[in-house]
1. When Val195 is evaluated against the numbered criteria (1) open to solvent by 30 Å² or more (accessible area, probe 1.4 Å); (2) farther than 18 Å from Pro161 by Cα; (3) assigned to a strand (DSSP E or B); (4) hydrophobic (A, V, I, L, M, F, W, C), which criterion, by number, is the only one it fails?
2. Note down all Cβ pairs under 9 Å where the first residue falls in the range 32-44 and is in a loop (DSSP other than H, G, I, E, B), the second is among the hydroxyl-bearing types (Ser, Thr, Tyr) and buried (at least 16 other Cβ atoms within 10 Å of the Cβ), and they're at least six residues apart or on different chains.
3. Give the range 212-224 a look and list any residue that's under 22 Å from the mean Cα position of the chain (by Cα) and either modelled with pLDDT under 85 or open to solvent by 70 Å² or more (accessible area, probe 1.4 Å) (or both), or say none.
4. Any residue in the range 114-134 that's at negative phi: show its pairings with residues that are surrounded by 17 or more Cβ atoms within 10 Å (Cβ to Cβ) and at pLDDT below 90 at Cβ separation under 6 Å, as long as the two are six or more apart or on different chains.
5. Out of the residues in the range 93-107 meeting the condition of being under 19 Å from the mean Cα position of the chain (by Cα) and surrounded by 15 or more Cβ atoms within 10 Å (Cβ to Cβ), tell me which one is farthest from Tyr171 (Cα to Cα).
6. Of the conditions (1) under 16 Å from the mean Cα position of the chain (by Cα); (2) open to solvent by less than 30 Å² (accessible area, probe 1.4 Å); (3) in contact (Cβ under 8 Å) with a residue 60 or more places away in the chain, Arg208 fails just one. Which one is it?
7. Please enumerate the residues belonging to the range 49-62 that are surrounded by 15 or more Cβ atoms within 10 Å (Cβ to Cβ), among the hydrophobic types (A, V, I, L, M, F, W, C) and farther than 20 Å from Thr74 by Cβ.
8. Looking at Gly80 and the list (1) at positive phi; (2) open to solvent by 40 Å² or more (accessible area, probe 1.4 Å); (3) not in a loop (DSSP other than H, G, I, E, B), which single condition is not satisfied?
Amino acid sequence: ARMALVTARGVDAGNTAADFTGLNFMFKTLPDFFKMVSFTYIMIKSDVTGALEDSNRMGLTVSGDTAGVDYRLTYNNYSGEKNGVDQASNMMEAEVGYSMPDMMNFRVAGLYHSDTGADTDLSTNETYDAFVYDKHNNAGLMDVVSWGNITYMKLGLSLEPMDSLKVGFDYYTFTNTTVAAGAKDDVGTEMDIVVEKRYDDNFAAKLRLGQFAPGDATAVNGDTRNDAMLYLTMGF
């Protein structure tokens, strides 16, 4: 088991400040099927001009694996007040995968994500605010879509055809969680292909190919977007 308490205070030129207090419990000595349970609580109090806030964030993650099947369940909740507006939003995510280590370390996984969006009650903001999260590795590697009024499903495949070479493929379908009457909810689809070659523990090359096809709900409808990126990483 592990417990961590973190407090932080930020001060701007006007001497206004924001206080962050976080508490995290993590248990790792559970049976394989419940390999990890993590609970996080963050309290935010801010008198920063334009960012007045008195809110709370809570998150729970449970994960484990057995007989080649792995899973992860996550739930986050955000409540309180920010700039005079009540906040009431949440996010849930579920992922299930199956691995075959003897077959080129093949893994297939499905993921479902849904976070809340604003409704017609303007006195309360229900669009999920993710605070600080890894945007690049969530909702597609092309960084077109971000959390907040988004629901998506992901199908992922990966394998290692030879030593130090890994190939992965992910397919996403995105929709808006909440839409106004008569509006469209189809944000689009995305495909990502990643090929990574590790030359040693300190040097690797990664090629990423991506394609995003916008849907009817995308703010700027247009042609399909294609990306190609090559990364070289070196550690010391």
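The values are calculated or read from the model by the stated rules, or taken from the named source; none is laboratory data. Remember, predicted model here, so these are calculated numbers, not experimental data. Don't worry about glycine lacking a Cβ; one is built from the backbone with ideal geometry, like all the others, and counts go over all protein chains shown. These accessible areas exclude ligands, DNA and RNA; they are computed on the full protein's heavy atoms, side chains included. Shrake-Rupley method; radii C 1.70, N 1.55, O 1.52, S 1.80 Å.
1. In the conditions (1) open to solvent by 30 Å² or more (accessible area, probe 1.4 Å); (2) farther than 18 Å from Pro161 by Cα; (3) assigned to a strand (DSSP E or B); (4) hydrophobic (A, V, I, L, M, F, W, C), Val195 misses (2) alone.
2. Lys35/Ser63
3. Result: Ala217, Thr218, Ala219.
4. Glu126/Ala118; Thr127/Ala118
5. For the range 93-107, the residue satisfying everything is Glu93.
6. (1)
7. Selection gives Leu52 alone.
8. That leaves (2) as the condition not met.
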